[in-house]
Amino acid sequence: MKALICGSFDPVTNGHLDIINRTASLFDTVIVGIFVNSDKKYLFDVKKRFELLKEATKNLVNVTIDCCEGLVAKYVEKNNVDVIVKGIRNTADYEYEYEMAKINKLIYNKAETLLMPASRETEFLSSGFVKTMFFAGEDITDFVPQCVKNAFFNKQK
């Protein structure tokens, strides 16, 4: 079976990696789709996010990274994806992702959505949190892979 994990990954965090690793252990093929939202302002461009995800998942042989545009359901249909996996940290995430799952099912009813709860260690973690911590001068070592930490420092130069 083929699964899709989609998000903006700006930047990829250890929380994202937890969901990616757990999904990779359940499915034959996992696509991590970097979806671009034109309404959003990103710290890292899509090329850099692709590079960081590629580096952070290099040990996962059944995981590929892709840059995506448009509707998730259309991507799923075009790429013969069986399951959309969405990590959820709290009830707000659950409510949002539950609604998105219903919309995706209306557009393309052959794929299912799996809402995967975040692990206890990462349930507080978000890309926004990491950016706030870094720009406040705090250490982000425990929250992101080393390649992301390096990218933050290179961005500051």
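FYI, it's all coordinate maths here, none of it is from the lab. Computed from a predicted structure; not experimentally measured. Ideal geometry is used to build each Cβ from the backbone, glycine not excepted, and the neighbour counts take in all protein chains shown.
Quick one: length gained pulling K78 to D139 fully straight, 0.36 nm per residue minus the C-alpha distance? Numbers along the way, then the final one.
Details: separation 61, 0.36 × 61 = 21.96 nm, distance 4.09 nm.
In short, 17.9 nm is gained.
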(Q) Need one number: nm distance between label points at D28 and Q156, each 7 Å from Cα along Cα→Cβ, rounded to one decimal. (A) 4.6
**Q.** Whole-number D in µm² s⁻¹ for the range 41-90, Kirkwood Cα-pair radius fed into Stokes-Einstein, 4 °C, 1.567 mPa s
**A.** 100
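Is the C-alpha gyration tensor of the range 45-125 telling us rounded, prolate or oblate? Criteria: a/c under 1.5 is rounded; beyond that, a/b larger than b/c is prolate, otherwise oblate. Walk me through the numbers before you get to the answer.
Values: a/c = 1.83, a/b = 1.11, b/c = 1.65.
Oblate.
With the contact rule set at Cα under 8 Å and sequence spacing of 6 or more, what percent relative contact order holds for the range 36-157? The partial results should precede the final answer.
Values: 86 pairs, mean separation 27.3, N = 122.
RCO, the range 36-157: 22 percent.
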**Q.** In nm, spacing of pseudo-spin labels at D39 and E99 (7 Å Cα→C-beta vector)
**A.** 1.0
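Ignoring everything except DSSP H segments at least 4 long, calculate the 222 nm mean residue ellipticity for the chain; use -39,500 (n - 2.57) per segment, divide by total residues, nearest 500.
-12500 deg cm²/dmol
Charges at C-beta only: +1 for Lys and Arg, -1 for Asp and Glu. How large is the resulting dipole of the chain about its Cα centre, in Debye rounded to 20?
Computed about the Cα centre, the dipole is about 400 debye.
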**Q.** Most fluctuating residue given options T91, T141, T64, as computed from a GNM of the chain linking Cα atoms under 10 Å
**A.** T91
Q | Cα coordinate range in the range 2-156, projected on the principal axes (Å, largest first) | A | 46, 32, 31
Q: Holding the Cα-Cα limit at 20 Å, pick out from K74/K110; K48/K78; K54/K74; K74/K102 the pairs that are longer than that.
A: K48/K78; K54/K74
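Neighbour counts of other C-beta atoms within 10 Å: give me Y75, Y96 arranged from fewest to most.
Taking fewest neighbouring Cβ atoms as first place, the list is Y96, Y75.
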Q: Could you work out which residue, out of G70, G15, G137, moves most in a Gaussian network model of the chain, that is, has the largest mean-square fluctuation with Cα springs under 10 Å?
A: G137
